[in-house]
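The values are calculated or read from the model by the stated rules, or taken from the named source; none is laboratory data. For clarity, every value in this text was computed on a predicted model and none was experimentally measured. As a convention, Cβ positions derive from the backbone with ideal geometry for all residues, glycine included, and neighbour counts pool all protein chains shown. All accessible areas refer to the heavy atoms of the entire protein, side chains included, with ligands and DNA or RNA removed. Shrake-Rupley method; radii C 1.70, N 1.55, O 1.52, S 1.80 Å.
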2 protein chains.
Amino acid sequence: MEELYHALKKHLDNGRVSKEVADLSSYSFDASFGEYMPDIICQPMSTEEVVHIVKLSNQYDVPIYPRGSGTSLSGGPLAVHGGIVLDFSRWDNEITVYENDLMMEVSPGVITEKIHKVAESYGLMYPPDPSSSRVSTIGGNLAENAGGPRCLKYGVTKDYVVGLEVVTANGDIIHCGGRTVKNVTGYDMTKLIVGSEGTLGIITKATLQLIPKPIDTKTAMLQFDDFITSGEAVSKILRSGILPSKIEIMDKYCVDAVLSTHPIENVTADAESVLLVELDGHPLALEAEMKIIEETCAALPGCKVIIAEDEKQASELWEVRKLVSPAIVKFGPTKISEDTSVPVSQIPAFFEEIERIRQTYQLNLVVFGHAGDGNLHPNIITDKRKPEEMKRAEEAVAEIFKASLKLGGTLSGEHGIGLFKKPFMYNEFDEAGMKFMKDVKQALDPNNRLNPGKIFPDEHERFVLVHDE
Amino acid sequence: MEELYHALKKHLDNGRVSKEVADLSSYSFDASFGEYMPDIICQPMSTEEVVHIVKLSNQYDVPIYPRGSGTSLSGGPLAVHGGIVLDFSRWDNEITVYENDLMMEVSPGVITEKIHKVAESYGLMYPPDPSSSRVSTIGGNLAENAGGPRCLKYGVTKDYVVGLEVVTANGDIIHCGGRTVKNVTGYDMTKLIVGSEGTLGIITKATLQLIPKPIDTKTAMLQFDDFITSGEAVSKILRSGILPSKIEIMDKYCVDAVLSTHPIENVTADAESVLLVELDGHPLALEAEMKIIEETCAALPGCKVIIAEDEKQASELWEVRKLVSPAIVKFGPTKISEDTSVPVSQIPAFFEEIERIRQTYQLNLVVFGHAGDGNLHPNIITDKRKPEEMKRAEEAVAEIFKASLKLGGTLSGEHGIGLFKKPFMYNEFDEAGMKFMKDVKQALDPNNRLNPGKIFPDEHERFVLVHDE
């Protein structure tokens, strides 16, 4: 490792290589649970530097763990087998806008919010809006195929990537896609790499597609006496001929937690379930479309509709959703944020399952998420110093995934499998399905050096939150 | 082959296996140029039958060529190495609509238009609209990742596939994706298989995402004195905050050919370039948005705007675009339909290149296509009985791709590489890029039995339209 360290230092100047314990521990965690010390951290700022690092990692047979801002909730960037952490956060400054192509080329360390702002300065929009966008890098978003509320109408990160520069496991530079919207030349390596969690290649440049920024938005809050009706409302809205930009859902525990610390005018805590709906487009259409939604929902039993009269009221209503994550920590210091997707029609059934699991395991289990596309985030708020409660949480998480899969859902909608969900992979895939994916991994990274220990479970691996002493 | 034939007949009843010459010749061609006789044709109607066929093909070491309606313009389904053609056209009847999930599950032989109609009967829309949709099967659309005019706003086939059932090269059945909009569980095998032209697996079932059907549409025709301005208009429209559902372009040769046989009121043949713009959404918004487009374009020099007053006039204007393909055959009996994509800002430069190539090679070379996303279709109308002219056409095609790549474009936007474009693959990819794709093919189809002879060129292969006697 000493030799590798010195070899790396030859290629990366200005203190961009370190094996100081203090530095290494800063990279030993992410927004999930794990803690794993790497041996060396590197901060590349060019494709050539990444190539050098990959070639050295091959020479010294050491794994590589690419990393952005470490906001992963699935343990994606954790260096579970030690080795090199490739921190892209300093390569954050390359943004080229091709305004007449509605495209933008970026380096992997650019913060997502900066992409939003630059696009908007051209009257354009980069739709994917993960809630970590103020902190997360585009490289991390690409690795995990990040989502966000706006995905209902506009799709996920993958839908806005038209070209990539990638350094392969053996240190080659390849170009996938290009600067065109439509491209069916050869296999779609772009969409294979995006979402592959850094296990098939290292992204060093991305060309993103932008769209015209919608002229206006309009918001409504729908409060329901029971969550079954709120789930039905989602399908009803989508069947009314209108595609909202966002439909978010929160259960009563979330709303309650928010309002108890942050009261909002007109919003009461007595609803069982709350939907927030945002429309975007031309102001005249928004007016008329919101009327259709109001009529559709007012016809449902126990539904109260609040339509924001102006931007100020709209952002107040959205506060309820934005404050859920900070508010629910009042239930305890440890938050287990889960992520699953179910078919939209199964949202009510999934909510019933969550309520059952809450009762069975006696946990602070709340649920919110992107109801419009069925991507829900059950969160368990607990205390990792209480091993007995953590055991119950472990079992509850397993039950949540079982429930989701039973309803036709999937293990992850937008956070990725990473480290923490791989024990459940065989619940969703059979041997043949896993083999198909493993064959791709084996073909493109035969020595398993790119982010090893992720996605594919070890034999007999099971989900563990707390290790027995 | 005799033994294989009898083995296949044991699994497929009712005359769904044939080696009669008359049958085989019906499957020897598609909508492109080639003619290759298969040895056997099979018409499977279930996943199990496909598994049997694949296993027998392995046992007898014979290639398999999946095929829908044979509308491919790139030679995708041609049995270039003989073997088995897998005709899916009789497995055309399985359609399950999950209306509250906005999803539809279909068998591979379902005609694309039927999918459109069934979706519409639920107030929903399946956006991809390749121009062959009345004839093409969804299986073919999936294999080639088909596009169409509406892709500007809504994206391509791939963007609407959330789940697949696939029979792998060794006869396993795998399930990719599922019935959820968002899914980041493992590698995205769904989007890898879609567009892989039948070379990585055989699709036996697909789950498609539907969207709310827009309430209304509005059409405008923009006629320009020069094509540079028309190209600029595309970027200007997209920068005005409005995302039309379609922006189609035709050069004067196309418009002329249509109007000479089919005069349309108000439309004159004197424009150098014509755009057709369609907006969709709420009627109130359409009115206001069309005004913005009118103002944006009226400010451009030499632009004449016609806005359709009603649906009847709109469909008359669209006739101009729809009749291009049938109309241009008046220039000759042989049509070489090409397909390339360039960055939107490069459309004027590409049109200049096309004009130069037209002059240099003295050919009936016209161009039309989906200007909003830069996907253009240069067409050479010639006569395959004139070898000298065909030679010039060959050279012109090579020049067209050279021009497109020089402008940052790609070999294919929506027709696929198939047989006819593979000689150009090394013009777009270098060795490392090709190796990356070949490694995936090798991993998933190690014996090269699935649609062999496509996408990857042989050594020193060059583009040939006419073989020397």
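In chain A, the C-alpha radius of gyration followed by the widest Cα-Cα span (Dmax) gives 22.6, 72 angstrom. Local charge for A:Lys55 was computed over the other residues whose Cβ lies under 13 Å away, with Lys and Arg +1 and Asp and Glu -1, and equals -2.
Per-residue SASA remark: B:Asp310, around 90 Å² accessible (1.4 Å probe; ligands, DNA and RNA not included).
Projecting the Cα atoms of A:Ile306, A:Gly75, A:Ser57 onto the charge dipole of chain A, computed from C-beta unit charges around the Cα centre, puts A:Ser57 farthest toward the positive end. When only alpha carbons are used to place a centre, the range A:1-45 and the range A:386-453 end up 28 Å from one another. Projecting the Cα atoms of A:Ala398, A:Asn427, A:Ile417 onto the dipole axis of the range A:393-461, where Lys and Arg carry +1 and Asp and Glu carry -1 at the beta carbon, places A:Ile417 farthest toward the positive end. When the P(r) of the range B:379-423 is calculated, the portion above 12 Å amounts to 67% of the C-alpha pairs.
Each copy carries a label point for B:Gly82 at 7 Å from Cα along the beta-carbon vector; from one copy to the others these points are 5.8 nm apart, nearest first. Accessible surface of B:Lys402, taken over heavy atoms with a 1.4 Å probe and every protein chain present, rounds to 130 Å². The residues of the range A:231-298 present an accessible area of 35 Å² per residue when probed at 1.4 Å with all protein chains retained. Take B:Lys117, push a point 7 Å out from Cα through the beta-carbon direction, and compare it with the same point in every other copy: 5.4 nm, smallest first.
Provide the buried accessible surface between chains A and B in square angstrom, both chains summed, 1.4 Å probe, rounded to the nearest 100. Walk me through the intermediate numbers first.
Numbers: alone 20430 and 20410 Å², together 33940 Å².
Buried surface at the A/B interface: approximately 6900 Å².
Ordered from highest to lowest accessible area with the whole protein assembly present and a 1.4 Å probe, B:Asp383, B:Asp13 read as B:Asp13, B:Asp383.
Across the identical copies, the label point of B:Asp383 (7 Å from Cα in the Cβ direction) is separated from its matches by 9.1 nm, in order from shortest.
Taking B:Glu316, A:Glu309 and ordering them by how much accessible surface each has at a 1.4 Å probe, largest first, produces A:Glu309, B:Glu316.
Placing dummy labels 7 Å off each Cα toward the beta-carbon, the span from A:Arg134 to B:Lys391 is 7.0 nm.
Taking a sphere under 13 Å around the Cβ of A:Gln359 and counting the other residues whose Cβ falls inside, with K and R at +1 and D and E at -1, yields a net charge of -1.
Give me the accessible area per residue for the range B:76-170, probe 1.4 Å, as a whole number in Å². Write out the running numbers ahead of the final one.
Working: 2720 Å² over 95 residues.
Per-residue value: 29 Å².
Compare B:Lys158, A:Lys291, B:Lys438 by solvent-accessible area with a 1.4 Å probe and give them largest first, with all protein chains kept in place. All intermediate terms of the calculation are to be shown ahead of the outcome.
Values: B:Lys158 5, A:Lys291 115, B:Lys438 80 Å².
Accessible-area ranking of B:Lys158, A:Lys291, B:Lys438, largest first: A:Lys291, B:Lys438, B:Lys158.
Across the range B:37-111, the mean sequence separation of Cα contacts (distance under 8 Å, 6 or more residues apart), normalised by length, yields a relative contact order of 35 percent. In percent, rounded to a whole number, the relative contact order of the range A:116-187 is 22, using alpha-carbon pairs under 8 Å and six or more apart. Here the gap between A:Phe29 and A:Arg462, fully extended at 0.36 nm per residue and compared with their Cα-Cα distance, gives a gain of 153.8 nm. Lys/Arg Cβ at +1, Asp/Glu Cβ at -1, dipole of the range B:234-338 taken about the Cα centre: which of B:Val258, B:Leu243, B:Val329 is farthest positive-ward? The Cα lying farthest towards the positive end belongs to B:Val329. Short-range pairs are left out: with C-alpha atoms under 8 Å and at least six residues apart, the relative contact order of the range A:134-289 is 25 percent.
Here chain A is treated with +1 on each Lys and Arg Cβ and -1 on each Asp and Glu Cβ, and its dipole about the Cα centre works out to around 480 debye.
Size descriptors for the range A:166-229, from the alpha-carbon set: Rg then Dmax equal 19.6, 58 Å.
Counting Lys and Arg as +1 and Asp and Glu as -1, each charge on the Cβ, what is the dipole of the protein assembly as shown about the Cα centre in debye, to the nearest 20?
Value, rounded to 20: 640 debye.
For A:Thr382, the amide hydrogen comes within under 5 Å of the amide hydrogens of A:Thr334, A:Lys335, A:Ile336, counting only partners 5 or more places away or on other chains and with H modelled in the peptide plane.
Pairwise alpha-carbon distances in the range A:126-247 exceed 27 Å for 32% of all pairs. Give the accessible area for A:Ile95 in Å² (nearest 10); use a 1.4 Å probe, count only protein heavy atoms, and leave out ligands, DNA and RNA. Solvent-accessible area, nearest 10 Å²: 50 Å².
The magnitude of the dipole of the range A:23-142, with charges of +1 and -1 set on the Cβ of Lys/Arg and Asp/Glu and taken from the Cα centre, is near 160 debye.
Model label points for A:Lys291 and B:Ser46, set 7 angstrom from Cα along the Cα-to-Cβ axis, are 5.4 nm apart.
With 0.36 nm allotted per residue and the present C-alpha distance subtracted, the B:Ile228-B:Leu259 stretch has 8.9 nm of extension available.
Using alpha carbons only, the radius of gyration of the protein assembly as shown set against its Kirkwood radius gives Rg/Rh = 0.96.
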